[in-house]
Structure formats: structure tokens, C-alpha cells
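These notes concern the structure reproduced below.
The values are calculated or read from the model by the stated rules, or taken from the named source; none is laboratory data. Treat the numbers as computed from the prediction; the structure is a model and nothing was measured. Heads up, the Cβs are rebuilt from the backbone with ideal geometry, glycines too, and the neighbour counts pull from every protein chain shown. Each accessible area value is taken on the protein alone, full model and side chains, heavy atoms only, with ligands, DNA and RNA left out. Shrake-Rupley method; radii C 1.70, N 1.55, O 1.52, S 1.80 Å.
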Amino acid sequence: MDYYGKIAKGYDELYEEEQANKLSIIKDNIKISKNTKILDIGCGTGVSSNFGCFVAGIDPSRGLLRHNKCGRKVCGIAELLPFKDNSFDYVICVTAIHNFDGIKESLEEMKRVCNGHFIITILKRSRKFNMIKRIIGKKFKVYKMKEESKDTILFCRKP
């Protein structure tokens, strides 16, 4: 069952304000130019893809992607990113990592395709919260952490 595909039509109504708040925090803590290249993993409808630069998004839900009007969109999974090594300046993953089947594999793929920084938000109420935070801490250098009402936002780079 594709839960997100079923709610795709109303996704923005349900989550746009919440996602926009996280996006605002992210934008306030990174430097973006019109030449910046960003990969948005778990991009959904594109709410988290509004940066004013080139953004590619990947999401496994075709239903959500049909409602996504931002940049280049790919239907796929984080554990197998269809992009070349070091293709992006930033990789962002907003409130999605707890849904991944292979968290370690997805983080390795993020490291492979990015030559700069990683911003990963973790849903606080997820049963996997502590495990995800621990794995991120082992695979990346976390240089800043911001608390949002529902997520912890980790700003990272390669060790």
C-alpha cells in the first residue's frame, strides 16, 4: 500500500506549513547561490525543494511526484541514488529518513553524491530517532543541530 500516494492530493494541505517551517530554519543556516546544486531526498510534492537554485528531487511515491512542480524529479529510493558521485553541493532529507528501509545504505549514497553539506531532519516521535541520530553521528561530522517542534535538524559534512 502506498500511503503517500493515497494522500498525495491533500499532502500540501496537511503538511505544507510544517515543512515550510523546517525549510525556513534550513535556509537560515546555509549559504545558497543561484549556482548551488541541491538534492532533496524524499522530496514528495516539492514543499521542501524551494531554494531558488537547481534542485533535483527523488521520492518513491509516484503520487506525490505528480504534484511536485519543482526542478528535476526522479522516482526512486534513497538507498540507490541514480546520480553521479559528487553531483551536489547539498543533500537535504526533510522528515523522510525514518521511512527508509536501509538507513545506513541511504547515508552512504548521500555521501557518494554530495561534495559538500548534508541537512537531515529526524522526526522526534519516530521509534528509530535515537538509532538514526547515532548512525548519522558515526557517518558524518554534525556541526550544528537545531530543534524544531517535530524534528531535530542536523547540519553535517563528510568527516
Can you find a residue in region 126-136 that is touching a residue at least 40 places away in the same chain (Cβ under 8 Å) and not acidic (Asp, Glu)? no
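Need a quick list: strands (runs of 3 or more DSSP E) entirely within region 99-159 having at least 2 residues that are surrounded by fewer than 16 Cβ atoms within 10 Å (Cβ to Cβ) and of a type in the set (Lys, Arg).
Working: elements: 114-123, 141-147, 151-157.
Answer list for region 99-159: 141-147.
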Candidates Gly44, Gly52 - the one that is on the phi > 0 side of the Ramachandran plot and in contact with a strand residue (DSSP E or B) (Cβ under 6 Å, 6 or more places away or on another chain): Gly44
Considering residues of region 53-91 that are touching a helix residue (DSSP H, G or I) at 6+ places or on another chain (Cβ under 7 Å) and in a strand (DSSP E or B) only, the residue nearest to Ile119 (Cα to Cα): Val91
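Here is a yes/no grid of residues against (1) over 17 Å from Ile153 (Cβ atoms); (2) in contact (Cβ under 8 Å) with a residue 40 or more places away in the chain; (3) open to solvent by 20 Å² or more (accessible area, probe 1.4 Å):
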{"residue": "Asp40", "(1), (2), (3)": "no, yes, no"}
{"residue": "Ile58", "(1), (2), (3)": "yes, no, no"}
{"residue": "Cys70", "(1), (2), (3)": "yes, no, yes"}
{"residue": "Leu80", "(1), (2), (3)": "yes, no, yes"}
